[in-house]
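Q: Okay, here's the structure, questions in a sec.
The values are calculated or read from the model by the stated rules, or taken from the named source; none is laboratory data. All of these numbers come straight from a predicted model, not from anything done at the bench. Positions of Cβ are backbone-derived with ideal geometry, glycine not excepted, and every protein chain shown enters the neighbour counts.
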Amino acid sequence: MPFEDGFWNQKWVIDMSMEAERYWLSEEGIGMRLDLLGEEVTWDYFNNAVKVTANSLGITKLQIVGELDEATCPYCQGLYDENGEGRVYLIHWFLPDLPAHLGCRHFWNVIVG
């Protein structure tokens, strides 16, 4: 039981912590961490390449695109307006870093014209 009388059960917390540590040190856990790292590096590289290439081609606007659903974190929800459209930024404005976190499903798209 995680709670006893409205408080965290210390033994349960320690057991879960040890179980999580064993998982992340297992072959499966290490593979999962490497997959997440690979995704992070790939999307980071892609998003930076979009910004640099767009700027060198004279493109002035970028829009955030990606999946917006119940799995979207609160930070990433803030990257969209009330209609679910990704916010548009001028290249020389402050641009949020994408990916914003591990597993982030949002990226930059150029707006031409």
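Q: Do we find a residue being among the small types (Gly, Ala, Ser), free of Cβ contacts under 8 Å to residues at least 12 places away in the same chain and outside any helix (DSSP H, G or I) anywhere in segment 33-56?
A: no
Q: Filter segment 66-104 for residues that are among the small types (Gly, Ala, Ser) and in contact with a strand residue (DSSP E or B) (Cβ under 8 Å, 6 or more places away or on another chain) and give the result.
A: Correct list: Gly66, Gly86, Ala100.
Q: How many residues does segment 79-102 contain that are loosely packed, with under 13 Cβ neighbours inside 10 Å and either touching a helix residue (DSSP H, G or I) at 6+ places or on another chain (Cβ under 9 Å) or modelled with pLDDT of 90 or more (or both)?
A: Final tally of qualifying residues: 11.
Q: What number of residues within segment 37-84 satisfy the criterion of being in contact with a Gly (Cβ under 6 Å, 6 or more places away or on another chain) and either more than 15 Å from Trp108 (Cα to Cα) or not aliphatic (A, V, I, L, M) (or both)?
A: Of the residues in that region, 2 qualify.
Q: Could I ask something else about it? What about Ala20, is it small (Gly, Ala, Ser), touching a strand residue (DSSP E or B) at 6+ places or on another chain (Cβ under 7 Å) and part of a helix (DSSP H, G or I)?
A: Spelling it out, it is not the case that Ala20 is small (Gly, Ala, Ser), touching a strand residue (DSSP E or B) at 6+ places or on another chain (Cβ under 7 Å) and part of a helix (DSSP H, G or I).
Q: Take the residues in segment 29-68 that are surrounded by 13 or more Cβ atoms within 10 Å (Cβ to Cβ) and aromatic (Phe, Trp, Tyr), then tell me which one is nearest to the chain's Cα centre (by Cα).
A: Applying the filter and picking the extreme gives Trp43.
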